[in-house]
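Here is the structure we will look at.
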Ligand SMILES: Cc1ncc(COP(=O)(O)O)c(C=O)c1O
């Protein structure tokens, strides 16, 4: 809901311009999602009964034994080095290309990654070409920077698109199980978007939180992987800025996410992060590292996927039986 005139009226100094154009829709759907009698499909909220509480408890103890006071300290802005290296290794494995630690910035969830990208790239009035419809959190993250948007639809047949991409600071997309539509973008469209972004010499932000949740076969390869495969072996230096997270495969409360990008962009994003929160929680990062090293994630993901598949099928069957006269 947009903020009302009453919310914005003050006899103290005026609120900033961006907050006056803001809304609290995200807060509302997060709070509705927490109500026990509502199954909210409004956001990408994981099923909390699947969270690995016992395994995280054990990982917390191991993290404190291993890191001691360092787990409760401020940490390096780029993130806990051992986790940074583990994420570089994970990205290299998942995307079949080489990524080094200097390609990785650990963030407080992918949401912070979106915020930092806005801080590094957007000035008021700058253009973003964004997949339509666009993830609400991205619009929230960038609202403070006051950009303007142009819609991106995946048939890419808009004749003005190449010019818009040349003018844009970046292109934003969620090719895997997009939020809010759930759509999976085919490999041809991914490749075509990458070629156009390269031709336009713009950045391409690939937001990929749902990669682990492949309910019906493989998601195919990421735009990052397609780009990295065409480059010289060595540290990744392409235009893709990729966002990953443990929120959907492990638990969002860890607030552990990451950005993959070329090293100079990572340094600038780290500068923005330093001005934002100094560093992500060392404790969370140390716990995440222990959890990942234990190898428990694969079993959790396969249990999660089986559960979501069953629920998706039940929902589709019920919608078909009860709502088909309302929808095509
Ligand atoms: C497309 C997309 N990007 C980013 C996020 C934020 O993820 P995180 O919990 O890692 O901040 C979400 C969460 O729902 C999402 O759907």
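The values are calculated or read from the model by the stated rules, or taken from the named source; none is laboratory data. Values in this document were obtained by computation on a predicted structure and should not be read as measured data. No Cβ is skipped: glycine too gets one built from the backbone with ideal geometry, and neighbour counts run over all protein chains shown.
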Exercise for the section: Please work out if residue 194 is in contact with a strand residue (DSSP E or B) (Cβ under 7 Å, 6 or more places away or on another chain) and either assigned to a helix (DSSP H, G or I) or under 24 Å from residue 228 (Cα atoms) (or both). Expected result: yes
Practice task
Quickly run through segment 273-287 and pick out the residues that are within 16 Å of the ligand (Cβ to nearest atom) and under 28 Å from residue 239 (Cβ atoms).
Solution key: 273, 276, 277, 280, 285
Problem - Hey, residue 31 under 23 Å from the mean Cα position of the chain (by Cα) and in a helix (DSSP H, G or I) or not - result: yes
Completion exercise
Selection from segment 69-93 of residues surrounded by fewer than 24 Cβ atoms within 10 Å (Cβ to Cβ) and within 16 Å of the ligand (Cβ to nearest atom) yields 90
Practice task
Determine, yes or no, whether residue 165 is under 22 Å from residue 226 (Cα atoms), touching a strand residue (DSSP E or B) at 6+ places or on another chain (Cβ under 9 Å), in a helix (DSSP H, G or I) and more than 16 Å from the ligand (Cβ to nearest atom).
Solution key: yes
Handout entry: Matching entry among 204, 211 (being farther than 21 Å from residue 42 by Cα, modelled with pLDDT of 95 or more and within 14 Å of the chain's Cα centre (by Cα))
Key = 204
Practice task
Look at residue 236 and say whether it is touching a helix residue (DSSP H, G or I) at 6+ places or on another chain (Cβ under 8 Å) and either part of a loop (DSSP other than H, G, I, E, B) or on the phi > 0 side of the Ramachandran plot (or both).
Solution key: yes
Practice task
Might you let me know whether segment 3-11 holds any residue that is at pLDDT below 80 and in a loop (DSSP other than H, G, I, E, B)?
Solution key: yes
Exercise for the section: Please tell me if residue 286 is farther than 17 Å from residue 98 by Cα, without any contact (Cβ under 8 Å) to a residue 24 or more places away in the chain and over 18 Å from the mean Cα position of the chain (by Cα). Expected result: no
Handout entry: The listed residue being farther than 22 Å from residue 214 by Cα, in contact (Cβ under 8 Å) with a residue 12 or more places away in the chain and in contact with a helix residue (DSSP H, G or I) (Cβ under 7 Å, 6 or more places away or on another chain), out of 268, 254
Key = 268
Exercise for the section: Specify the residue that is nearest to residue 304 (Cα to Cα); the eligible residues are those in segment 239-248 that are under 10 Å from the mean Cα position of the chain (by Cα) and in a strand (DSSP E or B). Expected result: 245
Practice task
Please find, within segment 94-131, the residue that is surrounded by the most Cβ atoms within 10 Å (Cβ to Cβ) out of those that are over 14 Å from residue 205 (Cα atoms) and without any contact (Cβ under 8 Å) to a residue 40 or more places away in the chain.
Solution key: 101
Handout entry: Whichever residue in segment 52-68 is buried (at least 17 other Cβ atoms within 10 Å of the Cβ) and farther than 17 Å from residue 281 by Cβ and, among such residues, is farthest from the chain's Cα centre (by Cα)
Key = 55
Handout entry: Residue that is modelled with the lowest pLDDT [pool: residues in segment 107-158 that are within 30 Å of residue 282 (Cβ to Cβ), part of a loop (DSSP other than H, G, I, E, B) and within 15 Å of the ligand (Cβ to nearest atom)]
Key = 135
